[in-house]
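Student: I have a structure I would like to understand better, so I am pasting it below and will then ask my questions one at a time.
The values are calculated or read from the model by the stated rules, or taken from the named source; none is laboratory data. What you see is a predicted model, and the numbers here were worked out from it, not measured in a lab. In this analysis, Cβ positions are derived from the backbone assuming ideal geometry, glycine residues included, and neighbour counts consider all displayed protein chains.
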Amino acid sequence: MRTERGLTQRALAEPLYTAAYISTVEACKVQPSEKALRHIAEQLGCSYEELVSGRPAHLVTELRMRLGEAQRLLVGEEPAEAAVRYADLVRVAEGYGFGLELAAALTGRGQCALENGELERARADFERAEAVLAKEEAPFTQRVPAIRGRALTHLLAGELRYSCYLLESALDELNSTGMRDPEALVLLYTAIIAPYMDMGAHARAARAAEVALSLAPEVSDPALVARLHRGVARTLIAEGRAAEADAALTKAAEYYQQLQIRTELAHCHWMRGYVFAQAGDLAAAESALRTAREMLSSRRAGLYAHQVGVELAAVLQRQGRSAEAEALLQSLLSGLSAARGTVHEGGAHRLLGLIAERRGDNDEAEERYTTAMSLLEHAGAAGDFADVCRLLGDLLYRTGKTEAAVAAYRAGLGRQGTPGATTLGPAPGMPF
């Protein structure tokens, strides 16, 4: 700092000290007193704290501004550049020992990896962010975004029960300790809707949506409000309330359009495609799903794009375009696996089974249904598992394999016997 300012050792030392003393300090041969350091800091034109810590006074402010810019790049048109920015911010924050900023950078980098479908890398960043915040003794509410991100990696990997466990544990922590933070609660209740729905726990999903909606007036973040409406739409779809679901998705899309959050906007198109498909408007469903897939592909959100592709293939198959649907599904399977998009991989095999059965290839259909059952059972996707059990049972019964058919039906009934139940114990408590 002295040389940057063009000062000699004598100029830095006078009038209280000598050039020789400054020389010994700079050579690390003597530990200067607080009085000496305060004198040196005054001569250098910096704060005593900056001189002692080595942290430039403006650095925290600069880091926070750069974190905001990286987040804007992530939600906008340049997610790849956002990943580069977050990686650099991790390095700088770690180097200077800024715990809170390091956790924010890790969470951001985790979001980038999550969007790219790099689930293990994302999970590692979210876990590390949680550990840093715990070490910094930050309030539990500050850990919620990282917990939600980690739970989402498990959801996308097909580990539905563990995803629920993480979110339920966080909700119980907030509720039992009286940390009533509406935004943290809404983030968690909204996040838990998807794994509940995939597990067939529709009653719990609806209750989570109800609680989140009751907290919405206390939430100021428009992106979070939009995410809430998108989550609620899924429960409305399950209840057959298609018009209300479409209204909720339209509202969410308006928010995302204003905020220019491209991935979330793509998810709205995705869900609207599902709504249209449920209502039987297959042309509108195809259009919405293709729009969503194109938007996600342009952002290199490969895993999400593959998941949308499976639902698009279902629409094509319902339109009688089986060959086109089969070709699409075959191309998608390479991007899905038991640890990456398990539920949709199971869905892809289910559809391929339907296509094979309709062209008379019962052996392939049986193989596809069996594979789908294995994947969906592992994921804990009860409703989808039961549906495939029914399809397999029907196929086996028609082909004279009565005992095997009964076993398939029983497997499906066993999962449907306790609707809305999970293996995780009591549902999370209500907020105070």
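Student: So which of 37, 73 is surrounded by 11 or more Cβ atoms within 10 Å (Cβ to Cβ), under 34 Å from the mean Cα position of the chain (by Cα) and modelled with pLDDT of 90 or more?
Tutor: Of 37, 73, the one residue that is surrounded by 11 or more Cβ atoms within 10 Å (Cβ to Cβ), under 34 Å from the mean Cα position of the chain (by Cα) and modelled with pLDDT of 90 or more is 73.
Student: Can you tell me how many residues within region 285-314 are among the β-branched types (Val, Ile, Thr) and over 15 Å from residue 330 (Cα atoms)?
Tutor: 1
Student: Return the only residue of 73, 100 being in contact with a helix residue (DSSP H, G or I) (Cβ under 7 Å, 6 or more places away or on another chain) and on the phi < 0 side of the Ramachandran plot.
Tutor: After applying the criteria, what remains is 73.
Student: Quick one: is residue 23 among the small types (Gly, Ala, Ser) and modelled with pLDDT under 90?
Tutor: Taking the combined requirement at face value, the residue does not satisfy it.
Student: Test residue 309 against the stated conditions and say whether it is under 25 Å from residue 122 (Cα atoms) and outside the structural domain of residue 381 (by TED's automatic domain parsing).
Tutor: yes
Student: Under 13 Å from the mean Cα position of the chain (by Cα), farther than 20 Å from residue 346 by Cβ and part of a helix (DSSP H, G or I): is that true of residue 187 in this structure?
Tutor: Yes.
Student: Another question, if that's okay. Please list, ordered by first then second residue, the pairs with beta carbon atoms under 6 Å, 6 or more apart or interchain, first in region 100-119 and free of Cβ contacts under 8 Å to residues at least 40 places away in the same chain and surrounded by fewer than 24 Cβ atoms within 10 Å (Cβ to Cβ), second basic (Lys, Arg) and outside any loop (DSSP other than H, G, I, E, B).
Tutor: 113/121
Student: Within region 24-43, how many residues turn out to be in contact with a helix residue (DSSP H, G or I) (Cβ under 7 Å, 6 or more places away or on another chain) and either among the acidic types (Asp, Glu) or under 15 Å from residue 2 (Cα atoms) (or both)?
Tutor: 5
Student: Continuing with this model, one more query. Among helices (runs of 4 or more DSSP H) lying entirely in region 40-142, which contain 3 or more residues that are within 25 Å of residue 303 (Cα to Cα)?
Tutor: The helices (runs of 4 or more DSSP H) meeting that bar are 59-75, 79-96, 99-115, 119-135.
Student: Can you name every residue in region 294-348 that is crowded, with 18+ Cβ neighbours inside 10 Å, of a type in the set (S, T, N, Q) and in a loop (DSSP other than H, G, I, E, B)?
Tutor: The answer is none; no residue qualifies.
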